[in-house]
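Colleague: This is the structure, below, for whatever I ask next.
Here, each number is a calculation from the coordinates, and none is a lab measurement. All values reported here derive from a predicted model rather than from experimental measurement. Here Cβ is always computed from backbone atoms with ideal geometry, including for glycine, and neighbour counts include all displayed protein chains.
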């Protein structure tokens, strides 16, 4: 069976925009595409035997995250599970935001934890009020709290630093899920007052995947990296950490990832511009306004109305955009959808807006 991916000129998919490989990352993908080809960097089989990877984990990642220690994980969700599994016990309570990713819930269920959610404000902004955490902390005495920063639905950026102050006040371990922030925008675990931070390399760090990173304060090192009493291997990470092709692409792309976050203000302005232009077509942006992230969620009654009469129903939008060299909105969606403007040029964004206008004008 031959697998062939159909790529478009403009990809709006929020899961992919921050993970588009750099030229250097793509070269590393080919160079290290064979199974565990990173072993060729050293005759040994452990991270400690691979100086390039060891230096990246022990020096470059902690400096980038502004954490004391760092670790590769199989992905962001696995990193969240690793932390929960290490610092809680079955029956404990944790507090999470109502905009959390579903994997936060499944990770907690796997750890047999009780879950309390900080509810969002509802339509249209779906904001998280950080002060609600304090009330719930006093009531439930949680073993840890988690904040999604930003969330993967609306791209809302809650006040993570304020929550860090609250966490310190009540001495509650604090984890930030930065799957859509680490690698896209400036972020410091220490400045936000967190104990742990999670990143997604294939979502936001120009890496192939799956691959995640975990940053933590040094006080958690012995718990996170505890070794087996029977073999000289770390328990929580099943003896070893990710060290395959995705790692090679991350290291190759990393210099440009560090550089691109310096342009975050420009990325935010492009997102705001796109939102304002597409809203002129009767497509409404939900989530925080003014918006401060490239991930945007839209409600499009005008497109939904068209889909009810179109012979291709909800699939018409996907096909019409595809004809114009645009992808990233899931097939079948018209009533609402999310996109990312990350690293697209203003010219490309104007092309997307024009495409939507043409589609609406031709089908109304």
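Colleague: Among 327, 200, rank each residue by its count of other Cβ atoms within 10 Å, from fewest to most, as a rough exposure measure. Present the calculation step by step, with values, prior to reporting the outcome.
Modeller: On the way: 327 19, 200 29.
Fewest to most other Cβ atoms nearby, the residues stand as 327, 200.
Colleague: How do 288, 27, 262 rank when sorted from fewest to most other Cβ atoms within 10 Å of their own Cβ?
Modeller: In order of increasing Cβ crowding within 10 Å: 262, 27, 288.
Colleague: Related question: Report the Cα centroid-to-centroid distance between segment 56-88 and segment 281-330 in angstrom, as an integer.
Modeller: Between the Cα centre of segment 56-88 and that of segment 281-330, the gap is 36 Å.
Colleague: Just subtract the alpha-carbon distance of residue 132 and residue 309 from 0.36 nm times their residue separation and send over the number in nm, one decimal. Intermediate values should be presented prior to the final figure.
Modeller: On the way: separation 177, 0.36 × 177 = 63.72 nm, distance 4.42 nm.
Contour length minus the Cα-Cα distance gives 59.3 nm.
Colleague: Any idea what the relative contact order of segment 263-363 is, in percent, if you count C-alpha pairs under 8 Å spaced at least 6 apart?
Modeller: 29 percent
Colleague: May I pose another question? Under the definition of Cα pairs under 8 Å and six or more residues apart, what whole-number percent is the relative contact order of the chain?
Modeller: Values: 724 pairs, mean separation 81.7, N = 364.
For the chain, the relative contact order is 22 percent.
Colleague: Hey, another quick one. If eta is 1.306 mPa s and T is 10 °C, what Stokes-Einstein diffusion coefficient results for segment 263-363, Kirkwood Rh from Cα pairs, in µm²/s?
Modeller: 116 µm²/s
Colleague: While we're looking at this one, here's another question. For a quick check: sort 84, 284, 205 by the number of other beta carbons within 10 angstrom, fewest at the front. Mind showing how you got there, number by number?
Modeller: Numbers: 84 23, 284 16, 205 26.
Least crowded to most crowded, the residues run 284, 84, 205.
Colleague: If packing is taken as the average number of other Cβ atoms within 10 Å across a peptide's residues, how do 329-340, 177-188 rank, most packed first?
Modeller: Packing order, densest peptide first, comes out as 177-188, 329-340.
Colleague: Under 17 Å from a label point 7 Å along Cα→Cβ of residue 221: give me every residue in segment 62-78 with its amide N that close.
Modeller: So the set is 62-72.
Colleague: Could you state the angle between the C-alpha long axis of helix 160-170 and the longest principal axis of the C-alpha atoms of the chain, as a value from 0 to 90 degrees rounded to the nearest 10?
Modeller: 40 degrees
Colleague: So how do 141-151, 52-62, 218-228 stack up, highest first, on mean other-Cβ count within 10 Å?
Modeller: So the order, starting with the most tightly packed, is 141-151, 52-62, 218-228.
Colleague: Roughly what % antiparallel, to the nearest 5, for the DSSP beta bridges in the chain?
Modeller: In the chain, DSSP labels about 55 percent of beta bridges as antiparallel.
Colleague: Here is a follow-up. Can you give the alpha-carbon Rg of segment 23-260 over 2.2 N^0.38 Å, where N counts its residues?
Modeller: Normalised by 2.2 N^0.38 Å, the Cα Rg of segment 23-260 equals 1.01.
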